[in-house]
Amino acid sequence: MNDINTGTQSDRARFKARSPLQDYNNRGDVVELLKAHKWTVCNIGSDDNNDDADVYLKSPDEVNNFSATFTYSDGNKRGGLRVYKETPPFESGFHSPSDVFAILECNGDKPKARQKLLSLGYGEADARFSPKDETLQQDLESEDFNFYSDDFTVSPSRLARFYEKQGFIKIDVDENANPIVIKNENKILKPYNVRNKIISFLKNNIRHEDKRTELETLLIKHKTAIYDSFLLLDEVPLQLNRDTKDTIYIPFKNGVARITADGMKMIPYESNELGLFMEVESLNHEFKEFDFDSRQMGDFERFLLFAITGREATAEDLTGDELTTARKFFSMIGYLISNYKDHAQTFAIILSDDGANDEDRNGGRGKSLLTDAIKQVRKEKYRGGDAHATSYIHKYNDLQPYHDLYILDDVPKTFNFDSLYTDITGDIKAERKGTTTETIPFKDVAKFVITTNWAVPFKKEATSTNRRFAEFKFSDYWNNENTPVEYFGKRFFDDWDSDEWSLFFQFLCICSSHFLSVGLQKIDYSKEADNFRAYFSNDYILDTFESIWDELKYKKSFTVSDFLSEFNKLQLSGKDRDMFHRNNARKFIDAYLEFHKLPFEYGAGRKWNSVNDESVNDEISQLPF
C-alpha cells in the first residue's frame, strides 16, 4: 500500500511532447494521400467555397457510387474517413487520419507509421507521454484496452482508466489522510504499494516485444507522473465485508463460509450479501460444508486441548472443569475471528503462561501458534511487544482500517496494559509519519491480542480497565523441550496437506459458531497469585521484601514510610537501591498480604492495620514457586 504524492513541475512539463500520429491527425492531408493511391474525388459538400466541407471519394475499384466520405475536424467533431462498406484495404467504419496513413503507407503497422511520420516532420521523437489521448474513449470499449495506445502514447487519463479496469481502488479513509490504493480481484482486496510495484506491473502488460525497450524506458523516465496518475481515480469508501452479531464470514477459494449459531453454509462470491475481503491464507484452499456433529479432530485442535489441560487429553476423557475451560477457549477463538464490534462487548485478549515468573518463563507454550491460526482467516498487524511503546506518538503508524487483529507479541514485564483502555473502547488516532493523523473509527479498529510470558498483574481499583481484558492461560505442556513439531512430526500450516487444512478450518467454524451462540466466555483466575508472581518475580526481590517484613509483621499498624525506613537500613547499592520506593511500595505490600491472606487492611491514616489481636505467624508457606 502507498499513499500518493503530487508530481513536480518538471514531470508535468514532460506531457508537452506531440505524438507524430496525433500531429498527423491534426494537419495531415488525407485527401491528397488517397488521391496518390488512386482514389477519386467525386464531389465536395454543398458549399463549394468551403475548403473544409465533406469530401466524397470513390475507391479505385468502384465504378458507379462513392465509397467513403472524408470529414474535416472543425473543433466540434473528429475528422476522419468513413468507409461505407468493406473496401480493401479498409474495413467499413470510421478511420482517423493516422489510421488511413498507417493502412495505405505501412500496411496497417502503427509503429512503422509513427517512425515514417517522424521522418516526414510530424510530431516529436520523444512524444510518448502526452496529456492528450484522442483515441481513449474509443479504445475504452475494447477488451484489449492497455495503458498505451496503438501509437504507443501513454497519457495520465489512459493510465487512470487502465488502473480502474485492472481493479485498482483508491480508498477514502479519512479527510485528513492521504488516500491508499488497493487492488480488487474478484472481491479480494490486496493492499498495493504503488511506488514499489506499479512500474513492474505496467512492464508485464507490454504486449509489443519490438517496442518493449522503448516503453520500459518511458516507464522509468516518467515514473513520477505514472505514480501521480492514481490521483485521477475517484476515491471510494472501503466497503469491506463485515461480520454481524449473528453471522461470521470466512472466505475460501471456492466461496465463503457463512457461519451462524446453527451451523454453516457455503455461499458464492457473487452473492449481494457479501462485500469485499482482504487477502488471507484461507483463499488458497477449497472448503465444503460439513456436519458439525460427525467431524474428526485435527492436529491443531489436539494441540490446543493439550495446551489447555496440561496433558494429552482427548474429547472423550475431559473432566467437567476441563471441558468448561476448553469451551471458553473456543469462544475466545470465535470472538477473534469475528470482526463485528460492539461497544459493550469489546475486549482485549491476553494470552499468558500459567504459573509464569521471572525464573520460569521460557515460553514455547503455543500462544503464537494460536495467533498464527487466526491469521489464516483474518488480516492482522503484528507488532513485537517491545516495539509498541505506549507513549510513542507513531505507535499506530501502520495500523489500517482493514486490519482485523492487532497482535502485540511477547510484551515485557513492564507493559502498561491500562494505557490501551481508550484504544480498545473507542476510535484510534493513527499518527502517520510525515503526514496527517488518520482517525480509524471504532467499528474498523482491530481487536487487540496481547501475548506475554510474564504474570499479568491485576489492580482492584481499575475496575473499568479490568472489564476490558480477558485472559487465557496456557499450561506448560508445550515447552522448549516438548514442541508441537516434535510431537506431531510436522510444522503447523507449512507442512499440512489438504485434509489437515480442512480439519483446521472446520475447527475454526466450530469456534465461530460457538461464539455466536454463547458470546465471549471469560475464565476467572485467582489474580492474587498472579499479582504475587508479577511483583515478586525472582527470589532476590522476595528475600529482600521478607527481610523488611520480619521487622513489620508484629506491628499493629505500619505505613509506606515505615516500610521504606526499614528498606533504607539495608543499605543496598547500585540499582538495588531503587527496588522499593514511594511509587511502588504499596503494590508490593498489597500483593504480599493478599496472596498470603495476612490479617491486615489498608485504611484510615494511609496505614495497614491488623484486624485481630494475635501476632502474625512468621512462618509463611505455600509460595507459588
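The values are calculated or read from the model by the stated rules, or taken from the named source; none is laboratory data. Because the structure is predicted, anything quoted here is derived from the model rather than measured. All Cβ positions, glycine included, derive from the backbone under ideal geometry; neighbour counts span all protein chains shown. What goes into the accessible areas is simple: the full protein's heavy atoms, side chains included, and nothing from ligands, DNA or RNA. Shrake-Rupley method; radii C 1.70, N 1.55, O 1.52, S 1.80 Å.
Brief remarks follow.
- Stretching the chain fully between S271 and T244 yields a gain of 8.1 nm (0.36 nm per residue, less the alpha carbon separation).
- In this structure the amide hydrogen of H285, modeled in the peptide plane, comes within under 5 Å of the amide hydrogens of K253, none closer than 5 places in sequence on its chain.
- Accessible surface, the chain, averaged per residue in Å² (probe 1.4 Å): 49 Å²
- Under a model in which nothing but the beta-carbon of Lys, Arg (+1) and Asp, Glu (-1) is charged, the chain shows a dipole of about 1460 debye around its Cα centre.
- When the surface is traced with a 1.4 Å probe over the full set of protein chains, W549 keeps roughly 10 Å² accessible.
- Amide proton proximity set for I350, modelled H, under 5 Å, gap of 5+: I450, A470, E471, F472
- Given charges at Cβ of Lys, Arg, Asp, Glu: region 210-251 dipole, positive-most of F230, I220, P251: I220
- Region 325-423: radius of gyration and largest Cα-Cα distance (Dmax), Å: 14.3, 40
- When the trypsin sites (Lys or Arg not before Pro) in region 255-324 are filtered for DSSP coil states and for at most 15 other beta-carbon atoms within 10 Å of their beta-carbon, the remaining sites are K288, R295, R311.
- Across region 524-574, the convex hull enclosing all Cα atoms gives 109 Å³ per residue.
- Nearest-20 debye value, region 202-297 charge dipole, Cβ charges on Lys, Arg, Asp, Glu: 320 debye
- Simple spin-label estimate for K597 and N416 gives 3.6 nm between the two label positions (7 Å along the Cα-to-Cβ direction from each Cα).
- Low-density loop positions, GluC sites (Glu not before Pro), region 407-501 - DSSP coil, at most 14 other Cβ in 10 Å: E461, E481
- Here the accessible area is traced with a 1.4 Å probe on the protein chains. For region 445-599, carbon and sulfur cover 44 percent of it.
- Helix 498-518 axis versus longest C-alpha principal axis of the chain: approximately 70°, rounded to the nearest ten.
- CD proxy at 222 nm, helix term only [per DSSP H run n ≥ 4: -39500 (n - 2.57); per residue of the chain; nearest 500]: -9000 deg cm²/dmol
- When DSSP beta bridges are restricted to pairs lying wholly in the chain, around 65% turn out antiparallel.
- Folded to 0 to 90 degrees: helix 194-203 orientation relative to the chain principal axis, Cα: 40 degrees
- Three principal axis lengths of the chain [C-alpha, angstrom, descending]: 129, 58, 40
- Between the alpha-carbon centres of region 200-236 and region 432-509 there is a gap of 41 Å.
- Karplus 3J(HN,Hα) series, Hz, for region 529-540 with 6.51 cos²θ - 1.76 cosθ + 1.60 (x for Gly, Pro): 5, 5, 4, 4, 5, 5, 8, 9, 7, 8, 5, 5
- Selection from L408, Y392, N339 lying farthest towards where the dipole of region 325-417 points positive, charges on Cβ: N339
- Ranking K443, K187, K473, K607 from most to least accessible surface, computed with a 1.4 Å probe over the protein chains only, gives K443, K607, K187, K473.
- Share of carbon and sulfur in the accessible heavy-atom surface of region 176-314 [1.4 Å probe, %]: 43 percent
- Among the chymotrypsin sites (Phe, Trp or Tyr not before Pro) found in region 468-506, those both in a DSSP coil and sparsely packed, with 16 or fewer other Cβ atoms within 10 Å of their Cβ, are F493.
- Charged side chains reduced to their Cβ positions (Lys and Arg at +1, Asp and Glu at -1) give region 249-381 a dipole of some 500 debye around its Cα centre.
- Separation between Cα centres of region 369-389 and region 134-160, rounded to whole Å: 43 Å
- 3J(HN,Hα) along region 448-456, derived from phi through the Karplus expression 6.51 cos²θ - 1.76 cosθ + 1.60 where θ = phi - 60°, amounts to 8, 10, 10, 10, 8, 8, 9, 5, 9 Hz, with x in place of Gly and Pro.
- Accessible surface ranking that places the most exposed of H596, H343, H37 first, with a 1.4 angstrom probe: H343, H37, H596
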